[in-house]
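Mind looking over this structure? Questions follow.
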Amino acid sequence: MDSLTQLRLTRELVDIDSTTGREHEAGRFIVAVLRDLEYDVTEQPVADGRVNIIAMAGRPEVVLTTHFDCVPPFMPSRESGDRLYGRGSCDAKGTLLAQIAAVERLRESGESRVGLLFVVGEERGSDGAKAANAVAPGSRYLVNGEPTDNRLGTATRGAYRVRLRASGRAAHSSLPELGISAIDKLIDALIVLRGIAWPRDPDLGHTFYNVGSIAGGVAPNVIPPSAEAELMFRTVGPHETIRGLIETHAGTLVSVEDVLALPASRLGTVPGIESAPFSFTTDIPWLDRWGTPLLLGPGSAAVAHSDDEHVRIADLYRAVDLYVQIATHLLTV
């Protein structure tokens, strides 16, 4: 696959709306591209007619993988100067075509031990990766593609979503002594959390979190009987440590409910390729049966999910070289 074809196909894929839950058309496009290239293609059902895509030319020892769902809103592609813009241009449709181009180059050299895995649902719970883990082909290495500025990731953070619930007692707001405000209790708990010394890691740094949503109350003239908040922690160690700290410091004010727990990942590297830790999470923990994980992709997480999402076109081409280099090295160790 030459560079112009890679760029054209990348733009065509970006121009398909594959917001999570709507990956059907993009999946059909990817399958058609792979079958035109004469891969053995498997469509693995996930949910609601959405499929993961597995492509092989032989028995894979190394698998390149990424996702083809995107966050909303959909934004079609456009080129400006040396950059390609549009939703998914760097997260992660540009990566997907770079991975196909890399495996094509390896096949042209006679190497058929590298496969491809493209999954749905990464942006909303990783249901595609969870399904794919049940059909792992026995590969030794998995090279995941996410925007890392074409650096190998040494580690990625985990994620811990937690729901805090406060309970009170409703009363007329003119008689506050008869009620207990759940909202006040929740606010007090959130203030307590701001003073906690969260865990640190030498590579990943300190734990941080976001209060993503708050809800509660009945009406302005009613003492609120209930309130809740959802928090997302970007973790550097076991999520149980985070939960324990919350319960120790704020457990008298709120109850704690786990929503999602995804561990931090330690990743493989390759000599001669720049590396760094990254603060985002990936599908890698859900794909542990696919082999030792590595992480690399074109584009920057700083612009992924933004209205300015883009990737340098030269970085898309550079990613092809790097995927070939990584796979070649892994096949010799």
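Suppose we filter PRO76, PRO60 for residues that are surrounded by fewer than 18 Cβ atoms within 10 Å (Cβ to Cβ) and either farther than 15 Å from GLN6 by Cβ or not β-branched (Val, Ile, Thr) (or both); which single one remains? Steps first, please.
Values: PRO60 fails: surrounded by fewer than 18 Cβ atoms within 10 Å (Cβ to Cβ).
None of the others qualify; the one that does is PRO76.
Here's something else I'd like to know. Inside the range 132-187, can you point out the residues that are polar (S, T, N, Q) and assigned to a loop (DSSP other than H, G, I, E, B)?
SER139, ASN150, SER173, SER174, SER181
Can you name every residue in the range 66-86 that is touching a Ser or Thr at 6+ places or on another chain (Cβ under 8 Å) and in contact (Cβ under 8 Å) with a residue 60 or more places away in the chain?
THR66, VAL71, SER77, LEU84, TYR85, GLY86 - these are the residues of the range 66-86 that are touching a Ser or Thr at 6+ places or on another chain (Cβ under 8 Å) and in contact (Cβ under 8 Å) with a residue 60 or more places away in the chain.
In the range 116-137, which residues are buried (at least 24 other Cβ atoms within 10 Å of the Cβ) and closer than 17 Å to VAL62 by Cα?
Passing the criteria: LEU117, PHE118, VAL119, ALA129, ALA132.
Moving on to the next point. Answer yes or no as to whether THR235 is within 20 Å of ILE196 (Cβ to Cβ), among the β-branched types (Val, Ile, Thr), in contact (Cβ under 8 Å) with a residue 60 or more places away in the chain and assigned by TED's automatic domain parsing to the domain that holds GLY168.
Yes; evaluated as a whole, the condition is true for this residue.
What are the residues in the range 243-284 that are of a type in the set (Lys, Arg) and within 18 Å of LEU231 (Cα to Cα), if any?
ARG243
Within the range 223-264, restricting attention to residues that are in a loop (DSSP other than H, G, I, E, B) and in contact with an Asp or Glu (Cβ under 6 Å, 6 or more places away or on another chain), which residue is surrounded by the fewest Cβ atoms within 10 Å (Cβ to Cβ)?
LEU253
If only one of ALA155, ALA166 is among the hydrophobic types (A, V, I, L, M, F, W, C) and under 16 Å from the mean Cα position of the chain (by Cα), which one is it?
ALA155
Shifting gears a bit: Quick one: count up the residues across the range 174-210 that are under 30 Å from the mean Cα position of the chain (by Cα), touching a residue at least 60 places away in the same chain (Cβ under 8 Å) and farther than 19 Å from GLU240 by Cα.
2
Also, I was wondering about something else. If you take the residues in the range 205-222 that are within 30 Å of LEU178 (Cα to Cα) and either in contact with a helix residue (DSSP H, G or I) (Cβ under 6 Å, 6 or more places away or on another chain) or among the small types (Gly, Ala, Ser) (or both), which one is surrounded by the most Cβ atoms within 10 Å (Cβ to Cβ)?
GLY216
If you scan the range 265-293, which residues turn out to be assigned to a strand (DSSP E or B) and more than 15 Å from ASP149 (Cβ to Cβ)?
Listed by number, the residues that qualify are SER265, ARG266, THR292, PRO293.
Let me ask something else about it. Please indicate, with yes or no, whether at least one residue in the range 51-65 is among the charged types (D, E, K, R), on the phi < 0 side of the Ramachandran plot and in contact (Cβ under 8 Å) with a residue 60 or more places away in the chain.
Looking through the range 51-65, at least one residue is among the charged types (D, E, K, R), on the phi < 0 side of the Ramachandran plot and in contact (Cβ under 8 Å) with a residue 60 or more places away in the chain.
OK, next. So which residues in the range 238-258 are of a type outside the set (S, T, N, Q), in contact with a Pro (Cβ under 9 Å, 6 or more places away or on another chain) and either under 10 Å from TYR160 (Cβ atoms) or not assigned by TED's automatic domain parsing to the domain that holds ILE191 (or both)?
PRO238, HIS239, ILE242
Out of all the residues in the range 304-315, which are over 19 Å from the mean Cα position of the chain (by Cα), surrounded by 15 or more Cβ atoms within 10 Å (Cβ to Cβ) and either of a type in the set (A, V, I, L, M, F, W, C) or part of a helix (DSSP H, G or I) (or both)?
ILE313, ASP315
The values are calculated or read from the model by the stated rules, or taken from the named source; none is laboratory data. These figures come from a predicted structure and were not determined experimentally. FYI the Cβ positions are ideal-geometry reconstructions off the backbone, even for glycines, and counts take in every protein chain you see.
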